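Trainee: Just passing along the structure, written as structure tokens.
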Amino acid sequence: PQGLREGAEAFGFNEEPPIDLPDPAASVFPTEFPDDQGNGPLARAAIGQGDVSSSPLQMALVAAGIANEGRVMTPHVMTRITDQDGEEIETYEPEVWIDDIRPDVADVVRRGMVETAENGTASGLLIEGMEVGGKTGTAQVGSEPPRSHAWIIGFAGPPGQAPEVAVAALVEGQPGAADEQSGGRVAAPIARAVMEAVLAERGGR
């Protein structure tokens, strides 16, 4: 349990992300597990189920941290502030929020996410001419009839260069159980469209 909790907290779980917006939601990984339920609660938490909860912002930070050699940057909305004459009076300077993930560990996960996009469940993220990585997720919500949340996270950029965009997409309450609904089928086209738009604006495509 301690290793899983520390791993989640290395990405920012159990803290409010320091974004420049009011009342950001803290994503939660359980810190205690009941003694009378065996390994069930821990096993469910390990795959993002049970008492784990996360915001799309948090999962975008996970994707970005993996793509950024293990450094999770401070999220922000403001880029610059200008006065009434258009003169710049303040500019956002990038800052590292958490730097607890070893670069070699991040690289193993990054390469796994690239493989998942190229040959696995995240193939819906692929963008021609770009190196893309992704991870899908489907979370049952315990309703009757069954409904599930479709998730995907990913990153993309020119091959051989640092990724230029990271994204998380969540489509809530889709009909069907987890084996009938997948992030790769429902959420991936949304995430791909966002990444394509960002890359086009940056001149990367």
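The values are calculated or read from the model by the stated rules, or taken from the named source; none is laboratory data. Bear in mind that the values here come from a model prediction, so they are computed numbers and not experimental data. Positions of Cβ are backbone-derived with ideal geometry, glycine not excepted, and every protein chain shown enters the neighbour counts. Heads up: the accessible areas ignore ligands, DNA and RNA and are worked out on the full protein's heavy atoms, side chains in. Shrake-Rupley method; radii C 1.70, N 1.55, O 1.52, S 1.80 Å.
Trainee: With a 1.4 Å probe and all protein chains in place, put Glu88, Glu164 in order of accessible area, largest first. Walk me through the numbers on the way to the answer.
Mentor: On the way: Glu88 105, Glu164 55 Å².
In descending accessible area the options line up as Glu88, Glu164.
Trainee: Oh, and also: Can you tell me, using C-alpha contacts under 8 Å and at least 6 residues apart, the relative contact order of region 27-125 as a whole percent? Don't skip to the answer; put the middle values down first.
Mentor: Details: 94 pairs, mean separation 20.7, N = 99.
It rounds to 21 percent for region 27-125.
Trainee: GNM on the chain, C-alpha springs below 10 Å: top fluctuator among Leu21, Leu126, Leu170?
Mentor: Most flexible of the set in this elastic network: Leu21.
Trainee: On the full set of protein chains, 1.4 Å probe, figure out the accessible area of Ile190 and give it in Å² to the nearest 10.
Mentor: Rounded to the nearest 10, the figure is 90 Å².
Trainee: Looking at region 74-155, which chymotrypsin sites (Phe, Trp or Tyr not before Pro) are in a loop (DSSP not H, G, I, E or B) and have at most 14 other Cβ atoms within 10 Å? Kindly include the intermediate steps, with their values, before the conclusion.
Mentor: Details: sites: Tyr92, Trp97, Trp151, Phe155; in loops: Tyr92.
Counting only loop positions with at most 14 other Cβ atoms within 10 Å, the chymotrypsin sites (Phe, Trp or Tyr not before Pro) in region 74-155 are Tyr92.
Trainee: Among Thr31, Thr121, Thr138, which one moves the most in a GNM of the chain with springs linking Cα atoms closer than 10 Å?
Mentor: Among Thr31, Thr121, Thr138, the largest mean-square fluctuation in the Gaussian network model of the chain belongs to Thr31.
Trainee: In Å², and per residue, what accessible area does region 53-205 have when probed at 1.4 Å with the other protein chains present?
Mentor: Working: 8260 Å² over 153 residues.
Per residue, region 53-205 has an accessible area of 54 Å².
Trainee: Give the relative contact order (percent, whole number) for region 50-194; include only Cα pairs under 8 Å separated by 6+ residues.
Mentor: On the way: 302 pairs, mean separation 31.8, N = 145.
This gives 22 percent for region 50-194.
Trainee: Tabulate in residue order the Karplus-calculated ³J(HN,Hα) for region 187-197, using 6.51 cos²θ - 1.76 cosθ + 1.60 with θ = phi - 60°, rounded to whole Hz; enter x for Gly and Pro.
Mentor: So the J values, rounded to whole Hz, are 8, 4, x, 5, 5, 4, 4, 5, 5, 4, 5.
Trainee: Relative contact order, percent, of region 13-67 when contacts are C-alpha pairs under 8 Å separated by at least 6 residues? Intermediate results must be reported in sequence, preceding the final value.
Mentor: On the way: 49 pairs, mean separation 17.8, N = 55.
Normalised by residue count, the contact order of region 13-67 is 32 percent.
Trainee: In deg cm²/dmol and to the nearest 500, what is the mean residue ellipticity at 222 nm of the chain if only DSSP H runs of at least 4 residues count, each as -39500 (n - 2.57), divided by the residue total? Write down the numbers at each step before the final one.
Mentor: On the way: 6 runs with 62 residues, N = 205.
Rounded to the nearest 500, the figure is -9000 deg cm²/dmol.
Trainee: Related question: If you roll a 1.4 Å probe over the chain with all protein chains in place, what percent of the accessible area is carbon or sulfur?
Mentor: Working: 5680 of 11560 Å².
Whole-percent figure for carbon plus sulfur exposure: 49.
Trainee: Right, next: Amide H neighbours of Asn14 under 5 Å, counting only residues 5+ apart in sequence or on other chains, H built in-plane at 1.01 Å?
Mentor: Residues meeting the criterion, in which the H sits 1.01 Å from N, are Ser27, Val28, Phe29.
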